Amino acid sequence: MFPLLTMSAVYAQPSLDASTLLKNKICMHCHQVNERRVGPSFKMVADKYQQDKTVTVEELAKRIVEGGIGQWGPLRMPAQPKVSTEEAIIMADWILHVKGDEQVN
Ligand code: HEC
């Protein structure tokens with residue numbers, strides 16, 4: 001529990017970095033920038049919603065927090081209760097604008 005509490009304190013600071021969030025929130029266990037893993041690559045997500053403008057940053061952030069199924073295949077993305085709306089918006093905005101050559105370390 002203590003490391004998690006420490007991390008929450010860090011996240012409460014205003015300068016939240018999408019790449020750090022994606023790593024620390026274990027998104028990269030199931031996602032990669034450029035290749036499908038358990039879930040779609042972030043480049044696939046960016047390309048899809050460049051076409052489909054009904055999915056805004058806010059909508060994608062909501063889907064990150066709540067999880068979902070059926071957009072990309074039969075696997076469910078679990079809800080992410082440790083991700084705040086603010087954090088989800090930072091990550092959603094980054095994902096929607098990914099070019100494909102970014103590194104998440
Ligand atoms: C346990 C594996 C897993 C983890 C952890 C995970 N995801 Fe996913 N994610 C998935 C799967 C599977 C899908 C495809 C769901 C679908 O088909 O609708 C997905 C879909 C997505 C999508 C596309 C949603 C859509 O409606 O098109 C985004 C964006 C996303 N994940 C971001 C994240 C972020 C950010 C995190 C970390 C907070 C994260 N994911 C953590 C498995 C995961």
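A few comments on the model shown:
- Of all residues assigned to the stretch 85-101, none qualifies as being at negative phi, part of a helix (DSSP H, G or I), over 14 Å from the mean Cα position of the chain (by Cα) and more than 6 Å from the ligand (Cβ to nearest atom).
- Residues that are farther than 19 Å from GLY70 by Cβ, part of a loop (DSSP other than H, G, I, E, B) and either among the hydrophobic types (A, V, I, L, M, F, W, C) or within 6 Å of the ligand (Cβ to nearest atom) (or both) within the stretch 22-47 comprise LYS25, ILE26, VAL33, listed in sequence order.
- Only a single item in (1) in contact (Cβ under 8 Å) with a residue 24 or more places away in the chain; (2) more than 9 Å from the ligand (Cβ to nearest atom) is not met by TRP72, and it is number (2).
- The one condition in (1) part of a helix (DSSP H, G or I); (2) over 21 Å from LYS23 (Cα atoms) that GLN71 fails to fulfil: (1)
- Of the residues making up the stretch 59-92, just one is of a type in the set (Asp, Glu) and either surrounded by 15 or more Cβ atoms within 10 Å (Cβ to Cβ) or in contact with an Asp or Glu (Cβ under 6 Å, 6 or more places away or on another chain) (or both), namely GLU87.
- Among (1) surrounded by fewer than 16 Cβ atoms within 10 Å (Cβ to Cβ); (2) out of contact with any helix residue (DSSP H, G or I) (no Cβ under 9 Å at 6 or more places or on another chain); (3) modelled with pLDDT of 95 or more, the one test that MET44 misses: (1)
The values are calculated or read from the model by the stated rules, or taken from the named source; none is laboratory data. Note that the structure is a prediction, hence the values are computed from the model and not measured. Every residue, glycine among them, receives a Cβ derived from its backbone with ideal geometry; neighbour counts consider all protein chains shown.
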